[in-house]
Every structure is written in C-alpha cells, then in structure tokens.
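Step one of this worksheet: look at the structure below.
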Amino acid sequence: MGNWTAQEAANAWKKAAEEEVKMAIAAKEEAERQLKHGIQPVVTPTYQEVLAAKQRVQYREDLFHFAVAGVAGGGKSSLINAFRGLHNKDIGSAATGIPDTTLTMARYGNPNAEYPYVWYDIPGAGTLKISDWQYFNAQGLYVFDCIIVLFDNRFTMTDIAILTNCRRFKIPTYIVRSKADQHIRNIMEDMGSDNEDDEGVGADQEKKLYQAARQQFIQQTRQSVKDNLGNANMPDQRVYIVSNRLMLGVVRDKRPEKVIDEIELLNDLIGEAQTRRARSDTGSFPPLVRVWRGGLRVR
Ligand SMILES: Nc1nc2c(ncn2[C@@H]2O[C@H](COP(=O)(O)OP(=O)(O)OP(=O)(O)O)[C@@H](O)[C@H]2O)c(=O)[nH]1
Ligand SMILES: [Mg+2]
C-alpha cells in the first residue's frame, strides 16, 4: 500500500467519522425538536411491567378502577372524597389541603363494599421530578379503566400528555375542572360584588352578578379547553365543571342548587363502568340507582 492510498484511507475514515458525528447531531437535534414540541418517545410497558403495575394497585378484574390525575392542590383528593360520599374531614377520607398531600398513589374503595368501584388518588405530575411521559409509565397509569384529568387553574401540557398517553392505551378519559364555586366567586369579586348582603336590597343584584359570573366562567372554561386541545392536535372533548361540595351533595342525594356538571359527570362515569362491563361480558355493575345510597336524579 503506497502513501497515497494510506492518505486516501485516512481521508475516507475521517469522512465517515464526520458523517457519523453529523448524523448524531441531527438525531440529537431531532430529539430536542420533538421534546420542545411535546412529542414523547413511545414507551410500551412489557407484560411483566403490566403485571407488576396491576399488583401494585391491587387491580381486580371484578372492579372498575378510576384514577384522578392532575396538578398538586387541584382538588383530586377532595373530589374522590365527594365521589365516595365523604366530607374531607370524615374518617376514611383522603387527606386534603396540605401542600403535596398525595405523594404516593392511594387506593380508596367505596365505603359500601358491595359497589364495584375503586378510586385512586395519584400524585400530581408536577410534584415528582420526572417528565410527563415518564410520569404516566412510572405510575403505571396504563392499568386504569378510566382516568379523570382534573385541573384547577390552567389546563396544561401535563394534562395533554396524560390524555395523549390514555389515547395510546385506549383508556377512556374525563376532563374535569374543579373549584367552580371558588372561581365564580373570584369573578364576581372582579365584577364588583362586595360578597355581603345576601338578603336586602343588594340580593337581586348579587343574583344577577352570580349568573353573569357563572356564565362567563363556564364559557371561558369550555373555550380554553377547546383551544388547548386544538393546539395540541387532540380531538375535542367535553370538560365537566364541578365543585367538590356540590358533588358531595349530588352523591348524597341532597339535590343541591347551582350544580353545573356534577350530575352529568357522575352519570357518565357510572355509565362508563357499565359499558365496559357489558363489553367484557363478565357480569354487570349494579344499576345506577343502586350505586350510591339514595341514587341519582338526572335534571
Ligand atoms: N372552594 C373549593 N375548594 C376546593 C374544591 N376542591 C378542593 N378544594 C380545596 O383545595 C385544597 C386542595 O384540595 P385537595 O383535594 O387536597 O387537592 P389535591 O389535588 O388532592 O392536592 P395534592 O394531594 O396535594 O396533590 C383543599 O383546601 C380543598 O378543600 C372545590 O371544588 N371548591
Ligand atoms: Mg391529594
């Protein structure tokens, strides 16, 4: 081999090395671009992982497993308590109100063991130091039968990430906005309500203000979810607007006034469980009216 060919070989080698570096940079840039656009690497759990995740959550074929996911402090535990007919301070209820209360997944059966529903309060994605898609898989969220994505102030990319993952695993999802009572009160104050005088002269004015604030809150919530889903190229999906206390009232058949979507959410969730059961043909969930003591009445 002469000098020239050695030089040529060296050049070829150098060129190949450069090419390799170029490709590595391109791959890195592509990964970063995808990251920036919230495109997640597709990670499919293995059969063993699914089994382990089911074991962790004590999955049972004869139960319907609802998970409530969302930001820390958004009202997940409070909503689960309401679904179970419990006040936040009742014995057996999920702890609420302490920042980052729920750091590990907690499981809550229905107080009446006869009812085949079980609730999971899962830690907010923001409370853990892992990315959105790692959150979904790390928490084993793919084993749940239905996932409620709860948000309080902003419908975020984290919420979108959960919905995207649910689509991948064909898990039915419900988008819920919590604390409607608080949000409406805030808007009323912005509109000039003094928050007093429920009776006298100002009562009428307050009622009108309430109606206006409520209308505005509902409209803004529906629009912002629609926009956010659209921006993320997700199909449109209903958002259920609720307050925990009114949800509790509905569950306890107190027929509270001022409900927004509480009754429909409860109905639709139970319907979801019943549909699944009908599909899998392994028996049927109790009819709606037997599910919660007192039953439900649709508006
Ligand atoms: N006004 C109002 N307050 C609510 C509602 N839901 C929850 N809260 C309050 O919001 C605070 C947080 O509620 P939690 O249920 O603890 O929220 P969380 O999402 O479980 O919080 P972490 O477990 O810390 O992630 C508590 O003080 C609740 O009382 C609601 O619908 N209306
Ligand atoms: Mg909690």
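Each reported figure results from applying straightforward, stated rules to the coordinates on display, with no laboratory input. Computed from a predicted structure; not experimentally measured. Note that we place each Cβ from the backbone using ideal geometry, even for glycine, and neighbour counts take in every protein chain shown.
Residues Lys208, Lys170, ranked from the fewest to the most other C-beta atoms within 10 Å, line up as Lys170, Lys208.
Listed by chain and number, the lysines whose C-alpha is less than 25 Å from the C-alpha of Lys89, apart from same-chain residues fewer than 8 away, are Lys76, Lys179, Lys254, Lys258.
Under 19 Å between alpha carbons, and skipping anything fewer than 8 positions from Lys54 in its own chain: which lysines qualify? Lys54 reaches Lys170.
This ranking places Asp159, Asp145 by how few other beta-carbon atoms lie within 10 Å of each, fewest first, which gives Asp145, Asp159. Applying 0.36 nm per residue to the separation of Arg185 and Ala203 and subtracting their alpha-carbon distance, the gain on full extension is 5.0 nm. Ordered by the count of other Cβ atoms within 10 Å of each Cβ, fewest first, Tyr210, Tyr115 give Tyr210, Tyr115.
For the pair Gln211 and Lys54, label points projected 7 Å from Cα toward Cβ lie 5.4 nm apart. Scanning residues 5 or more positions from Cys146 or on other chains, those with amide H under 5 Å from its amide H are His65, Ala67, with H placed 1.01 Å from N in the peptide plane.
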